Amino acid sequence: MRALMVALALALLLAACAQRPPQDDSLYRELGEQAGITRIVEGMLLNVARDQRIFRHFQNIDIVRLRDKLVEQFCAESGGPCDYTGDSMQESHKGLDLSPSDFNALVEDLQASMDEQGVPIPAQNRLLVRLAPMRGDVIRR
């Protein structure tokens with residue numbers, strides 16, 4: 001739990017910083033490259049399916065497409081050889097009425113998956129920092 005709090009605090013503090021493209025592929029490699037990122041995303045989605053706080057938001061979506069787009073996104077954000085081809089975060093979350101608590105629950109499910117995959121905490125934090133600026137496009141205003 002302490003690691004989660006540190007990661008969330010770091011992500012929130014750095015969210016205001018300008019988002020720059022990854023300078024290298026070291027985070028991609030630390031996440032286990034394509035296979036590792038796929039395991040992380042699939043684990044996160046399994047965690048979401050068991051998460052009473054947010055599973056309802058995922059009931060009527062194409063879970064295979066979601067998995068594929070999340071793998072693309074995490075790969076691209078971590079400096080891997082992928083291009084994200086999905087909708088913008090604002091467009092894909094339009095009308096979902098997601099709260100900050102919903103967003104935080106998803107982050108917790110992601111972090112649990114990374115823990116299960118043995119991703120080192122510094123690498124987890126680096127990914128969360130890359131994803132944190134998307135928060136404003138995901139939650140309701």
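Quick notes on this structure:
- Candidate set: segment 106-124, residues that are under 11 Å from the mean Cα position of the chain (by Cα) and not charged (D, E, K, R); chosen: the one surrounded by the fewest Cβ atoms within 10 Å (Cβ to Cβ): V107
- Taking the listed residues D87, D97, D83, D68, the one that is charged (D, E, K, R) and assigned to a helix (DSSP H, G or I) is D68, with no other qualifying.
- Candidates G118, G136, G80, G43 - the one that is over 22 Å from Q23 (Cα atoms) and touching a helix residue (DSSP H, G or I) at 6+ places or on another chain (Cβ under 7 Å): G43
- Within segment 87-109, the residues that satisfy the criterion of being in contact with an Asp or Glu (Cβ under 9 Å, 6 or more places away or on another chain) and among the aliphatic types (A, V, I, L, M) are M89, L96, A105, L106.
- Hey, Q19 outside any loop (DSSP other than H, G, I, E, B) and either closer than 17 Å to M134 by Cβ or modelled with pLDDT of 95 or more (or both) or not: no
- Subset of segment 30-54 (residues that are in a helix (DSSP H, G or I), buried (at least 17 other Cβ atoms within 10 Å of the Cβ) and of a type in the set (A, V, I, L, M, F, W, C)): I37, I40, V41, M44, L45, V48
- Counting the residues of segment 75-102 that are open to solvent by less than 40 Å² (accessible area, probe 1.4 Å) and of a type in the set (F, W, Y) gives 0.
The values are calculated or read from the model by the stated rules, or taken from the named source; none is laboratory data. The shown structure was predicted, so the numbers you read here are calculated from the model rather than taken from an experiment. Note: ideal-geometry Cβ built from the backbone for every residue, glycine included; neighbour counts use all protein chains shown. With ligands, DNA and RNA removed, areas are computed over all heavy atoms of the protein, side chains included. Shrake-Rupley method; radii C 1.70, N 1.55, O 1.52, S 1.80 Å.
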